[in-house]
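Taking it in order: structure first as structure tokens, then the write-up.
The values are calculated or read from the model by the stated rules, or taken from the named source; none is laboratory data. If you're wondering where the values come from, they're calculated on a predicted model, not measured in any experiment. Positions of Cβ are backbone-derived with ideal geometry, glycine not excepted, and every protein chain shown enters the neighbour counts.
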């Protein structure tokens, strides 16, 4: 399992997470109920995952959801693609969901 803490571990990319899993793209697609082309685009950094897709992939790839979201956010996108407002909203939504989860499981951390 890839485990990171933002303060001490450099961010990893989606392709590194997928490679570390030892699973093929086809296997990841099948286990996460996503199309092979969608998983391929995530790996090649031409797409950002939605919160729901990131949650599925976190389970299949055995990584914390926060690590997957950080990997997607830290990934450099090709110059021809401009960041989409929807992609930024996905990251904001993920941050909100993760914050709520932390607050509900660790009330003193809030």
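Looking at 73, 86, just one residue is modelled with pLDDT under 90, surrounded by 15 or more Cβ atoms within 10 Å (Cβ to Cβ) and in a helix (DSSP H, G or I), and that residue is 73. Just one residue in the set 57, 65, 48 is surrounded by 19 or more Cβ atoms within 10 Å (Cβ to Cβ), in contact with a helix residue (DSSP H, G or I) (Cβ under 9 Å, 6 or more places away or on another chain) and modelled with pLDDT under 90; that residue is 48. Residue 93 meets all of the listed conditions (1) modelled with pLDDT under 80; (2) farther than 26 Å from residue 23 by Cα; (3) touching a helix residue (DSSP H, G or I) at 6+ places or on another chain (Cβ under 7 Å) but one, namely (1).
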